[in-house]
1. Can you order the peptides 232-240, 94-102, 288-296 by their average number of other Cβ atoms within 10 Å per residue, highest first?
2. Give me the percent of accessible area attributable to carbon and sulfur for the range 29-234, probe 1.4 angstrom.
3. Could you provide, to the nearest whole Å², the per residue accessible area of the chain with probe 1.4 Å?
4. Rank-order 329-339, 378-388 by packing density, defined as the average count of other C-beta atoms within 10 Å over each peptide's residues, highest first.
5. Loop only per DSSP, at most 16 neighbouring Cβ atoms within 10 Å: give me the trypsin sites (Lys or Arg not before Pro) in the range 1-92, ordered by residue number.
6. 222 nm [θ] for the chain, helices only, -39500 (n - 2.57) per DSSP H run of 4+, per residue, to 500?
7. What span do the alpha-carbon atoms of the chain cover on each of the three principal axes, reported in whole Å from largest to smallest?
8. In percent, what relative contact order does the range 29-234 have, based on Cα pairs under 8 Å that are 6 or more apart in sequence?
Amino acid sequence: MRPTPATPAPLTTHPGPPLAGRVRPPGDKSVTHRAILLGLIAEGETRVEGANPGADCAATLACAGALGAGVTRDGGAVVIRGTAGRLAEPAAVLDCGNSGTTLRLLAGVLAGRPVLAVLAGDASLNRRPVGRVVEPLRRMGAELYARDGDRLPPLVVRGRALAAIRYELPMASAQVASCVLLAGLAAAGETAVELPGPARDHTERMLPAFGVEVTVEPRAGAGPRLALRGPATPRATRLTVPGDFSAAAFFLAAAAARPGATVTAEGVSLNPTRTGLLDVLERMGARIERANQRLEAGEPVGDVTLTGPDRLEAFDVPAAWVPRLLDEVPAWVIAATAARGTSRLAGAAELRVKESDRLAALAANLAALGVRVEESPDSLAVTGGRVSGGTVAAGDDHRVAMAFAVLGTCAQAPVTVDDASSIPTSYPGFVAALAALGGRVEEGPGPGSAAGRRPAGNPAGTP
Ligand code: S3P
């Protein structure tokens, strides 16, 4: 887990040439969480190649270990000896760190298994809603308690026998859908979830690899209906995690923002439930090419090359597209600041309950850099123009920190992110990757403050 640093770790990016080159992002975070959790309850040894190395997935791995899985490393692979569904009762609070996916998916894993567990996280996670998983799990018969009238972590789960349900989700959340499906593995009969709109579909793509059949029924004008039959014990498998599109998104958006810039992201997930940002950037005028397309662990994967157009045009993102670029809105901002006109994003209230209130954080930081921005309860409007230098607040949110570090490459003067220590939540190699693409980045508070500067991509600060 990421320790709360005693002193902030500023990161400064200097204006420079357009980013150029190839980048191989870390393994997809959402896919890695699911592989670990299915490995935990599977029978046999699951081998995960290319797991995301960040703190969020490390938290999931540590929780899996505390629940009785054997966790070892073999070369680059993570190997999980499963419990065949017979979890050990954890002796201490399960620390989910900064990771909402860890906490919400684990709640589903635990609800139908006879152990008592307490799930909690860092200050940010303990402010994020859990009522959305308490509600369906209680309908299945689970016993759960949470702070603040069952709204906020810590979350206490006393596992017991569950009944299968049909659940209509009030929001298109993959975490909630996955939580209910994972609980359904321990319930007798058909558990079904109906999504009001599209959401990332990694759980239903991965379950068949673990020998669990899932029916996926598309529904016109709504999200899919997903169903599985329990009780079912997943069978261990081997899988390779695709590169994280959400990590590559910052560099792709920066390429869109600069005429002639070309960045290739290699081996990234091209799962259509995740690549809404590509559609948006294409509508804004960017040229996008996909190559080496293949399926890995049921996930579409390939290389994406994005070339910045001579002129990027503003584009209003339809609300229906937002779930497909949910985690890429901080990256979208980079392109929006470079576009001609005002780009709008609506129907995005969910962004207020991410690792930070992202609509507020993005709006405040853009305004601090002289960008015209308007925020409403569920929308953001960004007018393209000059981005001046300055200092922005990451708000302990890895995606906000990365977005503004990359935006600094396109600004008129250096941009300092006040504290970049959240970045390894998802992307420990981010600073080195930015530097390798030509980003002029230094670890420290930037110009006028020589103290504490370190060369880019050298976290230890040693030569
Ligand atoms: C995730 C689902 C999304 C996303 C999060 C990861 C997942 O959250 O924002 O970063 O892995 O299922 P919601 O389910 O809350 O929309």
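The values are calculated or read from the model by the stated rules, or taken from the named source; none is laboratory data. Quick caveat, the model's predicted, so the values are computed rather than measured. Reconstructed Cβ throughout: ideal geometry from the backbone, glycine too, with neighbour counts over all protein chains shown. Surface areas here come from the heavy atoms of the whole protein model, side chains and all, with no ligands, DNA or RNA. Shrake-Rupley method; radii C 1.70, N 1.55, O 1.52, S 1.80 Å.
1. Working: 232-240: 19.3, 94-102: 24.9, 288-296: 12.7.
Listed from highest to lowest mean packing, they are 94-102, 232-240, 288-296.
2. On the way: 3630 of 7240 Å².
It is 50 percent, rounded to a whole number.
3. Values: 16640 Å² over 463 residues.
About 36 Å² of surface per residue is accessible.
4. Working: 329-339: 26.9, 378-388: 18.6.
So the peptides 329-339, 378-388, ranked by packing, come out 329-339, 378-388.
5. Details: sites: ARG22, LYS29, ARG34, ARG47, ARG73, ARG81, ARG86; in loops: ARG86.
Within the range 1-92, the qualifying trypsin sites (Lys or Arg not before Pro) (loop, at most 16 other Cβ atoms within 10 Å) are ARG86.
6. Working: 13 runs with 125 residues, N = 463.
Only helices count here, giving -8000 deg cm²/dmol.
7. 60, 51, 45
8. 18 percent
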